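Structure, as structure tokens:
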């Protein structure tokens, strides 16, 4: 029965996501390439998805999302459910850097293109670097902010994976701040292996902006380590309910 309930919730959440995507696509003819449509979708899917899953989201220090725009948002990425839990905080005038395969996803691919999101080929270094240049230009010329999951893939809540340098090169090249955020572990609330969904409050901490003015490409490794350590420290606070041994696995 518990497994059936989990699959029903996942199915309903997926249906709500595609319904929200369709509604957002209907806006695009009037707001083509408007990055703020992404925030509209985020709020739609988060509003319904969290209710279906039985979750509430508490965002700490939310004002930090907007005090330094344009900026680069960097946080941890656990599962496909992140769009449900993080959608309520996704900032206006912000675009995502994502893998090119997203454009083939039904409905969402059209939405991704229509909002002006940036797609890169992770298997092609030249194309990936070109995508970073596009992101830098979007910040400097259009005043857009950039949202990147710096791990480059989902960590599935087990540990914070090593960061990739792309987000930090963009921030340094554009001389724009990095705004880190830390998402609470989902393992207590969503465990596919145990076929279990548990309702409750999830916490997302938005951390204070990290300036990059005056930094160069040579400073990227230090900057990356600093931001990662801040996110990890936030994830290890008591209210984030980190699993036993998480600090050791994430070091």
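What the table below lists for this structure:
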read-out: Förster-model FRET efficiency, 45 Å R0, residue 133 and residue 8, C-beta, rounded to 0.05; value: 0.50
read-out: Paired Rg and Dmax values of region 132-212, which use every Cα atom, in angstrom; value: 16.0, 48
read-out: Computed E for residue 103/residue 175 - FRET, C-beta separation, R0 35 angstrom, nearest 0.05; value: 0.70
read-out: Sorted by Cβ neighbour density within 10 Å, fewest at the top, the residues 216, 56, 21; value: 216, 56, 21
read-out: Normalised contact order of region 19-137, rounded percent, pairs of Cα under 8 Å and 6 or more residues apart; value: 35 percent
read-out: Antiparallel bridges, percent of DSSP beta bridges restricted to the chain (to nearest 5); value: 25 percent
read-out: Simple label model, 7 Å out from Cα along Cβ direction - residue 67 to residue 140, nm; value: 2.7 nm
read-out: Label-to-label distance, nm, for residues given as residue 110 and residue 56 (7 Å Cα→Cβ offset); value: 3.7 nm
read-out: Distance (nanometres) between label positions extended 7 Å along Cα→Cβ at residue 237 and residue 222; value: 2.7 nm
read-out: Within a Gaussian network of the chain (alpha carbon springs, distance under 10 Å), most fluctuating of 11, 214, 49; value: 214
read-out: Percentage relative contact order, the chain, counting C-alpha pairs under 8 Å, at least six apart; value: 24 percent
read-out: Most mobile of 119, 235, 105 in a GNM of the chain (Cα contacts under 10 Å); value: 105
read-out: Ranked 183, 169, criterion: other C-beta atoms within 10 Å, fewest first; value: 169, 183
read-out: Computed [θ] at 222 nm, deg cm²/dmol, the chain (DSSP H ≥ 4; -39,500 (n - 2.57); rounded to nearest 500); value: -12500 deg cm²/dmol
read-out: Radius of gyration, Dmax [the chain; alpha carbons; angstrom]; value: 17.7, 58
read-out: Extension gain (nm, one decimal) between residue 93 and residue 188, 0.36 nm per residue minus Cα-Cα; value: 31.0 nm
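Read-outs throughout are calculated quantities, based only on the coordinates presented, and are distinct from any laboratory measurement. Please read all numbers here as calculations on a predicted model, not as lab measurements. Note: ideal-geometry Cβ built from the backbone for every residue, glycine included; neighbour counts use all protein chains shown.
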